[in-house]
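A quick write-up on the structure given underneath.
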Amino acid sequence: MKLFVKLGKHFLMSVLIVGVSLSYVYANQNGLKKQDSLMGERWNFRGFGTLGYAQTDKYNDTFFRRDISQDAVRVADDPFLLDSRIGLQVTGELSDHWEVVLQTVLKQKIDTELSDYINIAFARYTNTANWQLTLGRQPFDLFLMSENRNVGYSYDWIRPPVEFYGALPSDSFDGIKISKTWGGFEHDWYWHASVGKMDEGFQLSVPTDTNSFPQELGPISEIRGVESTKIEPIYTTGVTWTSNNWQLHGGVSWLEIEQQLDFANDFSLLVNLFSGLWPDLVNISDQLLGKNQIRHFGLGAKWESGPWKLQSEVSHVDSDRASYQGQRGYFSLSRRYDEWLGYAVLGYANDGSSIEYQAVSELDLPSDPLIQAVLFATQYEIDNRLAALKQNQTSLTLGVRWDFASEKAVKVQCENYWFEGGSNALIDRVNGNYLKDQSQAWCSFAFDWVF
C-alpha cells in the first residue's frame with residue numbers, strides 16, 4: 001500500500017516532466033509558429049511549457065508555494081511541481097465577427113477535476129465599432145498579467161510575485177464581459193465591465209505549534225485541509241491606457257465569497273455546545289464561516305525603453321469579515337544585455353485580518369478538565385485560522401534570464417523572504433515558526449518555451 005501511495009504522489013510530477021519534454025521536442029521538430037495552421041487559415045494552435053525546479057524541500061518546517069491553489073506538502077516532496085506546467089491554446093475565427101478560444105493547462109493543483117484543467121473557454125463577438133462581447137470562462141482583467149500568468153516565457157521572472165498573485169486561487173472566471181477599445185497612433189484605450197462567478201479549491205496554511213497545543217487531547221499532526229470558495233457574483237470594471245513606452249491599468253472589483261472550510265461542521269457543533277460559556281464564539285463563527293463581501297482596488301504600470309523595463313502593481317482589498325484583505329504590491333526593474341536579462345523584484349503584503357474576542361483564560365469556566373481542554377484547543381484553532389488568513393511579508397528577488405534561442409529561455413533566481421509573526425497565508429511555517437519574525441531564502445531554475 002505504501003508503494004502505491006508513493007507512486008501516486010509522484011505521478012503528476014512524472015506527467016509534467018514527460019509532457020513538457022515531449023512538447024519541447026515536438027515544437028523543435030515541427031517548427032510551429034503563430035502563422036502555421038493545423039485546421040485551416042482561421043485556426044491557430046499554440047502551446048507553452050515550463051520545466052522548473054525549486055528548493056521547496058530546503059526546510060523541513062517551511063513549505064513554499066506560488067499560490068494557494070497548490071498542495072504545500074506535495075510541492076515540498078516534489079520540487080519540480082512548483083513551477084512546471086504545460087498548456088495548449090486553440091483560437092478559431094468562426095466569422096468576421098466571432099471567435100472562440102480554448103486553453104488547457106496541466107499543473108499542480110489540489111483536489112482537481114477535469115474541468116479545472118480548462119483555464120479558458122470562451123466565445124467573443126466584435127463589431128465594427130470595436131465593441132466586444134465575451135461569453136464563457138475568461139481571464140480576469142484586474143491585473144497586468146491577467147492573461148498570461150501561466151505562460152512563463154512571457155514575463156521576466158520564474159513566477160509572478162507571490163505577494164501580489166499568490167493569494168489568488170484562479171486566474172479566470174465564468175461569466176460575461178463587455179469591452180471597448182479606441183485610440184490613435186500614439187496611444188490606445190481599453191475599457192471593460194464584467195459579471196460572473198468562480199468556484200475554486202484552495203488550501204489554507206494551518207500551522208501547528210506542538211508546544212502550546214493542549215496535551216490533554218493527545219498528539220496532533222499537521223492540518224492541511226482542502227477548502228473551497230464559491231465567489232458569486234463577481235462585478236469588475238477597469239480601464240487600460242497604452243502608449244509606445246507605457247501601459248497603465250486601473251480596476252475595481254466587488255465580489256461575494258462563501259468559503260467551504262473543512263472544519264466548518266465541527267466548529268458549528270462547538271458553537272452550539274459552548275457558546276453559553278464563551279459568547280464570542282457566535283461572532284467568531286460568523287467572521288470565519290459567514291458570507292463575505294470584498295472590494296478590490298488595483299493599479300498597475302509598465303514602462304519599457306531600450307534595454308530597461310519597469311513593472312509595478314499595487315492593490316487595496318477591503319473585506320467585511322476576517323478574510324483576504326489589506327495591501328499588496330511589487331516593483332520590478334530589469335535590464336537586457338543582448339540575449340541576457342537581469343532583474344530585481346521587491347514584494348510586499350500586509351493583511352490586518354483580526355477578530356476581537358475574550359480569551360479562554362479570562363472566562364469563568366467549569367472545573368471539568370475536558371471542557372477546558374476543548375475550549376483552549378478551540379482558541380488555538382481559531383488563532384491558527386487567523387494566521388492562515390494573513391500574509392504579512394516582504395521579499396527581494398534577484399535573477400537572470402537567458403534567451404538562448406527563439407521563443408526559449410532559461411531563468412535562475414534567488415529570493416529572500418521576511419515573514420512577520422502571526423502570518424502564515426501562503427508560505428506554510430509550522431512548529432511555532434509562524435508566531436515569530438523570520439527570514440528564509442530559496443533559489444529556483446526554470447526552462448520556458450512557447451511553440
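Each reported figure results from applying straightforward, stated rules to the coordinates on display, with no laboratory input. These numbers come from a predicted model, not from an experiment. Methodologically, a virtual Cβ is constructed for each residue, glycine included, from the backbone with ideal geometry; neighbour enumeration extends over all protein chains shown.
Modelled label positions at Trp246 and Trp340, each set 7 Å beyond Cα in the direction of Cβ, lie 3.3 nm from each other. Rounded to the nearest 20 debye, the dipole magnitude of the chain is 1440 debye, with +1 charges on Lys and Arg beta carbons, -1 on Asp and Glu beta carbons, and the Cα centre as origin. In this simple spin-label model, placing a label point 7 Å from the Cα along the Cα-to-Cβ direction at both Val282 and Ser305 gives a separation of 6.1 nm. Using a cutoff of 8 angstrom between alpha carbon atoms and counting only pairs six or more residues apart, the relative contact order for the stretch 2-450 works out to 15 percent. Residues whose amide H lies under 5 Å from that of Phe451, counting only those 5 or more places away or on a different chain, are Gly47, Phe48; hydrogens are built 1.01 Å from N in the peptide plane. Listed by chain and number, the aspartates and glutamates whose C-alpha is less than 17 Å from the C-alpha of Lys411, apart from same-chain residues fewer than 8 away, are Asp83, Asp156, Asp338, Glu339, Asp403, Asp448. For the stretch 319-434, a/c is not less than 1.5, where a ≥ b ≥ c are the root eigenvalues of the C-alpha gyration tensor, and a/b tops b/c. That puts it in the prolate class. Computed from the C-beta positions of Ser95 and Ser115 and an R0 of 35 Å, the FRET efficiency is 0.80 to the nearest 0.05.
Couplings 3J(HN,Hα) of the stretch 161-177, computed from phi: x, 6, 4, 8, 9, x, 7, 9, x, 8, 10, 9, 9, 9, x, 10, 9 Hz, in residue order, whole Hz [Karplus 6.51 cos²θ - 1.76 cosθ + 1.60, θ = phi - 60°; x for Gly and Pro]. Projecting the Cα atoms of Val282, Pro369, Leu310 onto the charge dipole of the chain, computed from C-beta unit charges around the Cα centre, puts Leu310 farthest toward the positive end. Were the residues from Asp61 through Ala373 laid out at 0.36 nm apart, the gain over their Cα-Cα distance would be 109.7 nm. Separation of the stretch 396-432 from the stretch 88-106 is 32 Å, based on Cα centroids.
Each Lys and Arg adds +1 at its Cβ and each Asp and Glu adds -1 at its Cβ; summed about the Cα centre, the stretch 48-161 shows a dipole of about 100 debye. When the Cα positions of Tyr380, Val412, Gln358 are compared along the charge dipole of the stretch 353-432, Val412 comes out farthest toward the positive end, with charges on each C-beta of Lys, Arg, Asp and Glu. Taking 28 Å as the limit for the C-alpha separation, the pairs Lys58/Lys107; Lys197/Lys390; Lys58/Lys230; Lys291/Lys436; Lys58/Lys109; Lys109/Lys180 exceed it in the case of Lys58/Lys230; Lys291/Lys436; Lys109/Lys180. When the square roots of the Cα gyration tensor eigenvalues are ordered a ≥ b ≥ c, the ratio a/c for the chain is 1.5 or more and a/b exceeds b/c, which makes its shape prolate. The ranking of Arg124, Arg159, Arg335 by Cβ neighbour count inside 10 Å, starting from the fewest, reads Arg335, Arg124, Arg159.
Name the shape class, rounded, prolate or oblate, that the alpha-carbon gyration tensor gives for the stretch 69-139, where a ≥ b ≥ c are the square roots of its eigenvalues, rounded holds for a/c under 1.5, and otherwise prolate holds if a/b is larger than b/c and oblate otherwise. It comes out prolate by the Cα gyration axes.
Modelled spin-label separation between Gln293 and Val400, with each label point placed 7 Å from Cα along the Cα-to-Cβ direction: 5.3 nm. Legend: ranking of residues Asp448, Asp171, Asp368, Asp383 from fewest to most surrounding C-beta atoms inside 10 Å; resulting order Asp368, Asp383, Asp171, Asp448. Each peptide in 268-278, 348-358 gets a packing score, the mean of other Cβ atoms within 10 Å over its residues, and the list from highest to lowest is 348-358, 268-278.
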